[in-house]
Amino acid sequence: MSRFYITTPIYYVNDAPHIGHAYTTVTADAVARWHRLLGDDTLLLTGTDEHGLKVQRAAEENGVTPIEQADVTSKRFRDVWDEIDVAYDQFIRTTESRHHHAVQELLTRAKDNGYIEKGSYAGYYCVSCEAYYTESDLVDGNCPVHERPVEWFEEENYFFKLSALEDELTDWLNSNTVFPDGKRNEALGIVKLGLEDVSITRTSIDWGVQVPWDDDHVFYVWYDALINYATAAGFGSDEAEFDKWWPEAHHIIGKDILRFHCVYWPAMLIAAGLQPPKEIHVHGFLLLGGKKLSKTGLTQIAPADLVADFGVDGFRYHFLRDVSFGPDSEFSYEGMVARYNSDLANTLGNLLSRVTTVVAKKCDGIGPAPQLDSPLAAVAAESYRTAADAWARVQPSVALEAIWNLLRETNAYLEQHEPWKLPEGSDEVKTVLGNALEVLRLAAILSSPALTRAGEAIWAAIGLEGSPLDQRLPDAAAWGGYPGGLSVTKGQPLFPRLKVDNGS
RNA sequence: GGCGACGUAGCUCAGCUGGUGAGAGUGCUCGACUCAUAAUCGAGAGGUCGUGGGUUCGAGUCCCACCGUCGCUACCA
């Protein structure tokens, strides 16, 4: 059996979950769902990053312990994922003991291999922030947060010898592992400019993973966080499990963390004697009016608000269909409404309505079987090929476009044959409606990575037992699977049209 | 300052290693239909492919410069 391991970044608990997080996570979830349809043994991982100064400080402000603080904020992410049908297999928290073990084990191996050594870190330090700043961070020579003078500080730290791995990283990046190409080139560019060793431990805080060979230090939050992908696969706790999953690791990330994932992370793995990830897929930003979602813009758009207006399916469909995975993408409420109405309400929802109505009128509500040599069969086959290829390349928008092309062809097919005008119960009317029902069966299955709920509703409406999620590709995508003789029922509109307003 | 990305129909975007008259969806106009969620189908209008050069028999697709937007990076006061 094939295996498929896919991850989202783990999100920093201090951030409020927003549509940027949701976009990444829904994409990973949809790809995972496609692989489950293929019958792959699939592991979808998401989680929260819970160490570091900011969490420690937030806890102090709230008068709770760091872990209590993290318990509350981590749950916010799980709640949102539940709201938008993200079916993760594991939700990892960096505060779990298995993760501490994994971090210590991985970095100890890197140290044993000679890639970690003690050095001294020097920089401008703000006592109030308890943090270092580079000269370019300073505002008029002062701390950018407190606007007070900084001090020149030096402390002993452990450094990761990134500079020693430039050749290995270049080779790895050239081996077809980072997508799309433009993002791979960015990573190559970073390596090409020359890598400096990086400080990976801190003595100034204690909310983190203890450095096993030196009690005074904890690992800097980034180097602890990245290792979550290995932890969840079993590193440090179940080596057999790790060996099983790790070769199939696919990371989905936003371009803001490209450097950490496409340079530092593979370097850490190489240093520890492990294999770098199989593939990293990097997406762009969601833009509001041409500008990157600012912190305020981001937090003003809560996933729950959009779900309230568009439903779970409408929410997921927008991000999967309207956003081209890779480049930056424009986000607009009006765009969401337009896409929802045209694709979900009109093309798909209305197709189901008209077919079920005509089956009721012309076939006594019993759905006929499709014609094996239907002209729609070729269209369906092409749609499937395109979609399968697109999901494999992590291009959900292309996959969904292919499925909707089949739906549009089906609407045209109905127009051409006008089953509502054909004699009741005739062979002709059965042929036409059987073909349309077959398309709906296919759509229920093939759209299910995006539409987690409509698929089930269509399935039931055309009289099929079970769930489209139980179907297995590619067999289930073969034309002719609708058996006929099933009771077809017209229900409420699948996706009621939305009136255009300015949103809120 | 260095490196890089992007700039294609009103809008959102496709356009692989250069080659028949530049595409999709949406929006708009006209027509058809009325089974259906004022849905559907057909036809049409609409683009100097940021600007200016260059390479080529031929460039949206390669090269250079410039403009615009954005990002990363720099022991730049």
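The values are calculated or read from the model by the stated rules, or taken from the named source; none is laboratory data. Every value quoted in this text rests on a predicted model; they were computed, and no experiment measured them. Using ideal geometry, Cβ is built from the backbone for each residue, glycine included, and neighbour counts are taken over all protein chains shown.
Points to keep in mind about this one:
- Qualifying helices (runs of 4 or more DSSP H) (wholly inside segment A:192-275; at least 3 residues being within 27 Å of A:V394 (Cβ to Cβ) and under 18 Å from the mean Cα position of the chain (by Cα)): A:228-233
- Filtered by the rule that a residue be surrounded by 17 or more Cβ atoms within 10 Å (Cβ to Cβ) and out of contact with any Gly (no Cβ under 8 Å at 6 or more places or on another chain), segment A:191-221 gives A:V191, A:L195, A:V198, A:I200, A:T201, A:V209, A:V211, A:H217.
- Residue check: A:E456 meets all listed conditions (1) closer than 16 Å to A:T356 by Cβ; (2) within 14 Å of RNA strand B (Cβ to nearest atom); (3) surrounded by fewer than 23 Cβ atoms within 10 Å (Cβ to Cβ) but one, namely (2).
- Elements of type helices (runs of 4 or more DSSP H) contained in segment A:1-87, each with 1 or more residues being under 12 Å from the mean Cα position of the chain (by Cα): A:19-37, A:66-83
Yes/no matrix, rows are residues, columns are (1) in contact with a helix residue (DSSP H, G or I) (Cβ under 7 Å, 6 or more places away or on another chain); (2) of a type in the set (D, E, K, R); (3) surrounded by 14 or more Cβ atoms within 10 Å (Cβ to Cβ); (4) under 26 Å from A:D364 (Cβ atoms):
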| position | (1), (2), (3), (4) |
| --- | --- |
| A:L451 | yes, no, yes, no |
| A:L473 | yes, no, yes, no |
| A:G481 | yes, no, yes, yes |
| A:G485 | no, no, no, yes |
| A:F495 | yes, no, yes, no |
| A:L498 | yes, no, yes, no |
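- Those helices (runs of 4 or more DSSP H) of segment A:315-430 in which at least 1 residues are within 7 Å of RNA strand B (Cβ to nearest atom) and outside the structural domain of A:R184 (by TED's automatic domain parsing), considering only elements entirely within it, cover A:333-339, A:351-362, A:396-417.
- Any hit, segment A:42-53, residues being at pLDDT 95 or above and either in contact with a His (Cβ under 6 Å, 6 or more places away or on another chain) or surrounded by fewer than 18 Cβ atoms within 10 Å (Cβ to Cβ) (or both): yes
- Subset of segment A:389-447 [surrounded by fewer than 24 Cβ atoms within 10 Å (Cβ to Cβ) and on the phi > 0 side of the Ramachandran plot]: A:E418, A:G425
- On the stretch given as segment A:450-467, residues that are farther than 19 Å from A:A478 by Cβ and either touching a Lys or Arg at 6+ places or on another chain (Cβ under 6 Å) or β-branched (V, I, T) (or both) total 2.
- Flag for A:I280 being in contact (Cβ under 8 Å) with a residue 60 or more places away in the chain, within 16 Å of RNA strand B (Cβ to nearest atom), under 23 Å from A:W391 (Cα atoms) and within 22 Å of the chain's Cα centre (by Cα): no
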